[in-house]
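Structure first, then comments.
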Amino acid sequence: MATKADRAKTQLIINHPFFASVLLRRPLVETRDIPTAAINRTGRIMYNPDFIEDLSVQQAVFLLAHECMHWIMSTFTRQGTRSMKGWNIATDAVNNEILVQSGVGEFIQGGVRWPGAEDMTAESVYELLPKDESGEPGGNMAEPGGTGSDLDDSGDPMTPAEARELETQVKIEMSQAMQAAKQQGKMPSAVQRLVEEILHPRTPWHTILERWMTERAANDYSWHRPNRRYVGMDLYLPSIDGTGMGEVAIITDTSASISFRELAEFNGHINVLLEQVKPERVHVVYVDADVSRVDEFTPDQLPLRIDPEGGGGTDMRVGCDYVERHLPDVACCVMLTDGYTPWPKHMSVPMIVATTGAECPIAETVHLEV
């Protein structure tokens, strides 16, 4: 007699060939060691037979497709230092909205819903999650599905090489699965858009920002370790320190024209970059027509949360002037703005501008697109 999982797989093969192609490449293991279903770093999907038998066939379809989404979205390789619970909630929010919009199975009540998440990244959803008293993202929210995490992160973490190899494997499988689904005329538009963005990405703003900041981290000089080449000449000169960078300034436009989603997107990616370049200290300067507030973060206080207060007019020149006067030795300065501001004529501190509007004429500019 066919189990509920077998019938769900059959429905995926008939109606949703893209997810069927992904699922049939994954080891599918029955176990009562977990309450519902889960996937691990290598793509092994597990499910509790008692739980799945209590679902309708269409709910079981949704469940299996949901675990496939974690594989498609490279959930584990993108987690970074984010908390597992919060990251699980954020990725579930995106996965569920895409599946609901695409009409794949029947949503299981108790799962995470976040209207609009189908057009967001999990990183930006994570930044918008409510926090508990300890600052844990999603801390007061129920676990996904009300039954615990569906991400099995047991075992040794992947090395960077293993992560790259895994992402390459995912892309190959997605390409083949998309072709199979398109040949049958059963490729959901939302899923196709997602897959094409993963397979043929434009250089996103945060990648440009990452390259820019990494270059400055790699070229940061350190006096802690002398340059050995010149020690024999009795010259004490700094060496290139590739392990981190000095202090960083972030100038944030406090005008109301930057949306919460854009702010969350910026916040999520800037924290990933700060984790990589390891600054000694981060200064966040909030600016409208004046400097309204300055927050400082040390490495042990990261990830930071950029939370500007609404203001009136905008003049980012005052923020640049503040950095020049009070933070002249920062390794670099990153500005977030809508671009509708007077610009300074010169900035001696290396600066890059992430903007939702006009370009900055005196600094490299990346357009913030969510």
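Side notes on the structure shown:
- GNM flexibility winner over the chain from 127, 67, 210 (Cα, springs under 10 Å): 210
- Residue among 275, 359, 133 with the largest mean-square fluctuation in a Gaussian network model of the chain, springs linking Cα atoms under 10 Å: 133
- Computed from point charges on the beta carbon alone (+1 for Lys and Arg, -1 for Asp and Glu), the dipole magnitude for the chain about its Cα centre is near 1140 Debye.
- Per-selection metrics, segment 1-142 (Cα): Rg and Dmax in Å: 15.0, 50
- The count of lysine pairs in the chain with alpha-carbon distances below 21 Å, taking only pairs 8 or more places apart or on different chains, stands at 5.
- Computed with a 1.4 Å probe on the full set of protein chains, the accessible area for residue 51 sits at about 50 Å².
- Computed over segment 330-370, the range of Cα coordinates on each principal axis works out to 28, 20, 11 Å, biggest value leading.
- Summed residue charge, Cβ within 14 Å of residue 118's Cβ, Lys/Arg positive, Asp/Glu negative: -1
- For segment 243-370, the normalised intensity computed at q = 0.11, 0.16, 0.17, 0.23 Å⁻¹ comes to -0.32, -0.72, -0.82, -1.60 (log10 of I(q)/I(0), Debye sum over alpha carbons, equal scatterers, no solvent).
- Figure note: 6, 295, 150 ranked by solvent-accessible area, largest first, 1.4 Å probe, ligands and nucleic acids not counted: 6, 295, 150.
- For segment 245-304, the fraction of alpha-carbon pairs in successive 10 Å shells from zero, as %: 22, 51, 26, 1
- Residue among 189, 124, 176 farthest towards the positive dipole end of the chain, charges placed on Cβ: 176
- Candidates 319, 86, 357: whichever shows maximal mean-square fluctuation once the chain is modelled as a Gaussian network with Cα springs under 10 Å: 357
- Space enclosed by the convex hull of the alpha-carbon atoms of the chain, per residue, Å³: 160
- Helix-derived mean residue ellipticity, 222 nm - over the chain, DSSP H n ≥ 4, -39500 (n - 2.57), to 500: -12500 deg cm²/dmol
The values are calculated or read from the model by the stated rules, or taken from the named source; none is laboratory data. The model shown is predicted, which means the values in this text are computed figures rather than measured ones. Heads up, the Cβs are rebuilt from the backbone with ideal geometry, glycines too, and the neighbour counts pull from every protein chain shown. Just so you know, the surface numbers come from the protein's heavy atoms only, side chains and all, with ligands and any DNA or RNA stripped out. Shrake-Rupley method; radii C 1.70, N 1.55, O 1.52, S 1.80 Å.
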